Amino acid sequence: MKKLYVFALFCIPLCLILLFMAPQLTEGVQEAQQQAPRPEYHRETDHISMMEVGKILEQFGKQIQQNKSVTIDGNSFPVTGNGRVEFHVMPARRGQGTSISFEISSGQTGPPTRGNTYVAYLRGAMRGAPSEFAGLVAKLGKSLANTGAFVMEDHSVALKGTVSVVQRVMERTHASRGQRPPYSFYIDVVFGVPMFPVPADEQDFVEEEQRGWIKELVIKETTGVDQKAVAKLLDSLSSDLKVGKVKVGDKTFEIGKNIFFQISHLVTKDGKGNRIRVGFMFGDVPPRARPTGPRYSKEFFDEPMKKVGALLKRWGTEILESGGFKLGENEFKVKEMANYEIHASSRGFSIELQYTEPPKKK
């Protein structure tokens, strides 16, 4: 559901998803048709020299720096103000080589308007050696000790004001939909505000912890921390990572040979609060469970809403009377508990329901 610092904590579910958003789509198409067409550019190729790619990127870079715009096929596109950027570099999944993707947008006149925080910097790896992460943590600690600022590549933020540090180790106790390690560790360094607000992307994890799907193994909180203490903590973490472990208080955890790691800097929307997070996920990834039993999948378009209402009514009655419902020739049994979301407005209506099939009787 949300993105930052991922823990996929639902069992592999049998999902029932009902989306009735046709009014929104229709309005969006009509609105787009009424607006004057704007120039666009699209190019695609399955075979191109990487030297040519380098020239294209160099050309864009020069145009942005010199003209605050890019010109393609006779059309000029402004590239001004603030924006967002996302780079992803990794070994190609198929065959040899490297996969590189990036997304850049511009035109912002201030901080993002949505949410109570925004990402100023984030770097991570879905799979890396602890020694690789140890090097990044060591650089972060060294820059803080020497300059009084966290320096992350071309991004820097000075450590100032009231500083608090939280170290935490968590265990995921609920079976996961994704292939994620079961344990997580992070250090949060918060300054500029007494308490850093929970980002919208992390709200789901707070709710899952309240349900008991995430269990706290150890936590250590410290307030009134100075620059020297934070730098020392990062240096100690780097040393532990090099020998494949992490320590919080009097507890030590072996982390194995591969981790999912991340360094991030989040800022409150008013620019006063900062949070530096240094964290990783570790532990053996459980094998992907394959769903068994009957399946059903079918799409419907332009169906009368009365027919949809009758279908929902039938399913509700069947669930109440027999603990299951039928789709075609297949019958699906449901669990006693469920998680669901309902969204409704004059423009559309949607329900998302997730549950886990009951275990088979021995």
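The values are calculated or read from the model by the stated rules, or taken from the named source; none is laboratory data. The structure presented is a predicted model; accordingly, all values stated were derived computationally and were not measured. Please note: Cβ atoms are built from the backbone with ideal geometry, for glycine as well, and neighbour counts cover all protein chains shown. We work out accessible area using only protein heavy atoms, side chains counted, and drop any ligands, DNA or RNA first. Shrake-Rupley method; radii C 1.70, N 1.55, O 1.52, S 1.80 Å.
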>> Could you go through segment 275-283 and let me know if any residue there is in a loop (DSSP other than H, G, I, E, B), under 34 Å from the mean Cα position of the chain (by Cα) and either within 29 Å of SER264 (Cα to Cα) or not polar (S, T, N, Q) (or both).
In response: yes
>> I'd like to verify a number: residues in segment 32-70 that are open to solvent by 100 Å² or more (accessible area, probe 1.4 Å), at pLDDT 85 or above and of a type in the set (S, T, N, Q), how many?
In response: 2
>> I'd like to verify a number: residues in segment 290-312 that are over 30 Å from ARG211 (Cα atoms) and either open to solvent by 100 Å² or more (accessible area, probe 1.4 Å) or outside any loop (DSSP other than H, G, I, E, B) (or both), how many?
In response: 13
> When segment 155-167 is examined, which residues are found to be open to solvent by 30 Å² or more (accessible area, probe 1.4 Å) and out of contact with any Gly (no Cβ under 9 Å at 6 or more places or on another chain)?
Replying inline: HIS155, SER156, VAL166
> Going by the structure shown, is ALA200 surrounded by 14 or more Cβ atoms within 10 Å (Cβ to Cβ) and within 20 Å of the chain's Cα centre (by Cα)?
Replying inline: yes
> For segment 313-348, which residues satisfy the criterion of being in a strand (DSSP E or B) and open to solvent by 70 Å² or more (accessible area, probe 1.4 Å)?
Replying inline: LYS326, GLU331, LYS333, TYR340, ILE342, HIS343, ALA344, SER345
>> Just the residues that are within 24 Å of VAL198 (Cα to Cα) and in contact with a Lys or Arg (Cβ under 7 Å, 6 or more places away or on another chain), please, taken from segment 229-261.
In response: VAL248, PHE260
